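This report refers to the structure that appears directly beneath it.
A short reminder: the numbers here are calculations on the coordinates, not readings from a lab. A quick note: this is a predicted structure, and the numbers were derived from the prediction, not measured. All Cβ positions, even for glycine, are placed from backbone atoms using ideal geometry, and neighbour counts span all protein chains on display.
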Amino acid sequence: MTITDGRQTEPAIGPADPVAVDQWYALTALDEIPVGRAVRTKLLGVPVSYCRDHDGAPLAWLTQDSLPAGAPVDARTLDAPLPTMADYGYLWTTVGEPGGALFDIPETAEPDRRILNAGTFGIFTSGPRAVENFLDMGHLPFVHPGVLGQQPFTEIVDYQVEYRSSEIYAVNCLIFQPKAAAASTSGQMVNYTFRVPHPLCALLYKSTPEDDVRLDVIGLFVHPIDDGRVRAHLFNCLLDTVNTDGQLRRFQQGVLAQDKPILENQVPRQLPLDPDAEAPTRADKTSNAYRRWLSDLGMTYGVVASTQPGL
Amino acid sequence: MIKLYDYLLSVNCYKQRLLLSILDVPYERVDIDFYPGWEHKGAEFRKINPLGHIPVIDDDGYVLWDAHAILVYLASKYDPTGSWYPVSDPRRLGEVASWMLFAEGTTNTASAARLHVSLDYDFDLEACQAGAHRLFRVLDEHLWFQEQQGQEWVASGESPTVADIALFPDVALSEDGGISRLDYPALRRWTERVQRLPGFIDMPGIFPVAKAPA
Ligand SMILES: N[C@@H](CCC(=O)N[C@@H](CS)C(=O)NCC(=O)O)C(=O)O
Ligand SMILES: [Fe+2]
């Protein structure tokens with residue numbers, strides 16, 4: 001992905017935003033997709049359907065009347081399928097021309113990682129709002145008290161935001177967490193790195209109770225149904241030898257269920273990119289970098305574009 | 001010790017955790033990977049509840065399912081004051097039964113909308129939302145009249161009952177299903193009263209209320 005997209009032509013389908021359209025999006029975790037039976041959804045407002053083939057390969061296509069939800073699907077007779085990828089445990093597809101591979105998560109190659117979809121949850125919000133919430137450390141003590149933060153430890157010490165090969169990195173973000181992970185047995189200072197490699201996907205790296213050097217990786221991959229409704233996938237790539245999948249999921253799902261009403265109460269559902277549009281919250285340096293980055297990319301879907309000139 | 005087959009984000013399981021906490025009864029949680037594992041639909045779990053539903057409790061070998069039935073059992077057995085399930089007062093008991101049946105309706109509308117939005121359950125969202133609003137209007141009016149008579153709870157009497165527990169999560173989490181409570185002031189005041197009960201615990205998605213003035 002490049003920061004300046006010189007393309008002027010409008011996408012053939014979907015919203016008039018080539019930045020949003022020309023991306024890969026994770027629709028659903030592979031092991032949650034029925035084999036040979038159509039599932040209907042929307043991607044950027046475009047009706048799309050998907051399933052897994054009888055050999056397990058992901059299939060996606062523009063929704064057609066002849067294949068209602070639940071209908072048996074035969075890959076050989078499917079006309080005009082959409083491109084798909086099976087990566088990080090999800091089915092990825094696109095209604096545009098991404099022209100490149102998906103971002104790399106090198107940790108997924110480590111053999112002792114627990115890689116799973118902790119859950120996919122529908123939320124009435126836009127993709128950028130969901131990502132911004134994921135990046136915002138300031139909300140942790142207030143929205144996830146007793147788990148990912150604790151009052152009065154709400155001060156966030158200054159940290160660095162960098163751009164590396166057109167991705168955002170926020171490093172050395174420190175916060176006290178009473179229960180940083182399912183495997184935690186006590187509170188600890190946790191060092192976070194946030195990474196934004198895709199307009200609607202973000203990753204965080206945080207210290208783990210089980211390893212002094214390596215980091216837990218947690219991702220938020222957004223499936224934008226339209227510009228006010230998403231499905232949020234919680235990607236886990238953890239170092240944990242203690243908890244069952246169910247216990248890992250319980251931890252992450254509880255956190256996400258606390259964020260859902262916060263996101264749904266934000267007005268408007270689209271993320272204002274104007275730096276002055278919303279009262280600055282504490283420690284929103286990464287959020288601001290993300291807003292600026294979306295502005296620079298020229299993203300217009302799911303945002304309220306900045307009116308400030310010269311950004 | 002009581003075993004509760006539980007899922008963190010299930011309103012029906014939360015009803016049990018809430019009552020157990022209020023009654024201060026120790027229990028052991030068995031976490032079911034409800035979503036995305038669908039563990040409750042598997043052959044192993046169906047040996048415990050052939051319906052494939054949670055919650056289920058196992059109290060020293062006594063197995064019971066159905067959220068509202070479990071509330072009745074727990075209150076009858078573990079509330080020494082007899083106030084949560086008032087068997088000695090036929091009129092109140094009738095009201096409790098009536099509002100618990102009403103709560104089946106809020107679960108099938110408000111909480112169904114929540115499952116549709118959050119987990120893509122195949123329900124008609126608008127029908128669920130409209131049904132929830134019809135019931136919330138009735139409940140809001142009822143609670144308003146209760147307040148006029150100095151009554152704070154769903155059933156008459158000085159103290160809350162299992163009917164309040166049965167209704168609370170469907171109401172408190174309605175926004176998750178896109179059902180606003182803006183138009184139901186008495187309903188909002190009642191949820192705050194429930195949240196101030198000694199022993200109250202929340203579940204993710206329920207906003208805490210400020211502590212009551214001393
Ligand atoms: N009538 C049952 C319904 C319980 C119920 O629907 N539980 C949900 C979780 S909140 C469940 O297990 N659903 C599985 C299903 O509906 O198949 C009760 O009150 O306990
Ligand atoms: Fe959060």
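Taken about its Cα centre, the range A:185-311 carries a charge dipole of about 100 debye when Lys and Arg each add +1 at the Cβ and Asp and Glu each add -1 at the Cβ. Each DSSP beta bridge with both residues in the range B:2-78 is either parallel or antiparallel, and the antiparallel ones are about 60%. Under a Gaussian network description of chain B, with springs only between Cα atoms under 10 Å, the residue in B:Thr81, B:Thr106, B:Thr161 that fluctuates furthest is B:Thr81. Take each residue of peptide B:115-122, count the partner chain Cβ atoms within 10 Å of its Cβ, and average: the result is 4.
Suppose R0 equals 22 Å. What FRET efficiency, 1/(1 + (r/R0)^6) with r the Cβ-Cβ distance, do B:Phe207 and A:Val304 give to the nearest 0.05? Can you show the working numbers first?
Values: r = 26 Å, r/R0 = 1.18.
It comes to 0.30.
Computed from Cα atoms, the angle from the helix A:245-264 axis to the main principal axis of chain A rounds to 90 degrees. Around the Cα centre of the range A:1-124, unit charges on the Cβ atoms of Lys, Arg, Asp and Glu (plus for the first two, minus for the last two) sum to a dipole of about 360 debye. Compute log10 of I(q)/I(0) for the range A:18-93 with the Debye formula, placing one identical point scatterer on every Cα and leaving out solvent, at q = 0.16, 0.17 Å⁻¹, to two decimals. Debye intensities relative to I(0), on a log10 scale: -0.50, -0.57.
Using the scaling law 2.2 N^0.38 Å as the reference, what is the normalised Cα Rg of the range A:183-311?
On the way: Rg = 16.8 Å, N = 129, 2.2 N^0.38 = 13.9 Å.
Normalised Rg, Cα atoms only: 1.20.
Each 10 Å bin from 0 upward holds the following percent of the Cα-Cα pairs of the range B:55-214: 10, 37, 37, 14, 1. Structure remark: mean-square fluctuation, Gaussian network model of chain A, C-alpha springs under 10 Å; the largest value among A:Ile262, A:Ile225, A:Ile115 belongs to A:Ile262.
Could you check the simple spin-label distance between A:Asn288 and A:Val242, using points 7 Å along Cα→Cβ, in nm with one decimal? For the pair A:Asn288/A:Val242, the computed spacing is 3.8 nm.
Between the exposed loop cleavage positions of chain B, defined as trypsin sites (Lys or Arg not before Pro) in a non-H, G, I, E, B DSSP state with at most 10 neighbouring beta-carbon atoms within 10 angstrom, the longest gap is B:48-210.
Geometric descriptor of the range B:2-78, per residue, is 78 Å³ (volume of the convex hull of the Cα atoms).
Comparing Cα centroids, the range B:154-214 and the range A:179-248 end up 32 angstrom apart. With bins 20 Å wide beginning at 0, the percent of Cα pairs of the protein assembly as shown falling in each bin runs 20, 53, 25, 2. Residue by residue along A:253-262, Cβ atoms of other protein chains within 10 Å of the local Cβ number 5 on average.
A Gaussian network model of chain A, with springs between Cα atoms under 10 Å, assigns the largest mean-square fluctuation among A:Asp216, A:Asp284, A:Asp87 to A:Asp87.
Rounded, prolate or oblate: which one fits chain A, using the alpha carbon gyration tensor with axes a ≥ b ≥ c (rounded when a/c is under 1.5, else prolate when a/b beats b/c, else oblate)? Note, shape of chain A comes out oblate.
Mean per-residue shielding of peptide B:200-209 is 3, counting Cβ atoms of other chains within 10 Å of each Cβ.
So if we plug the beta-carbon distance of A:Ile13 and B:Trp38 into 1/(1 + (r/R0)^6) with R0 = 35 Å, what FRET efficiency do we get, rounded to 0.05? The partial results should precede the final answer.
Working: r = 34 Å, r/R0 = 0.96.
Computed FRET efficiency for A:Ile13 and B:Trp38 comes out at 0.55.
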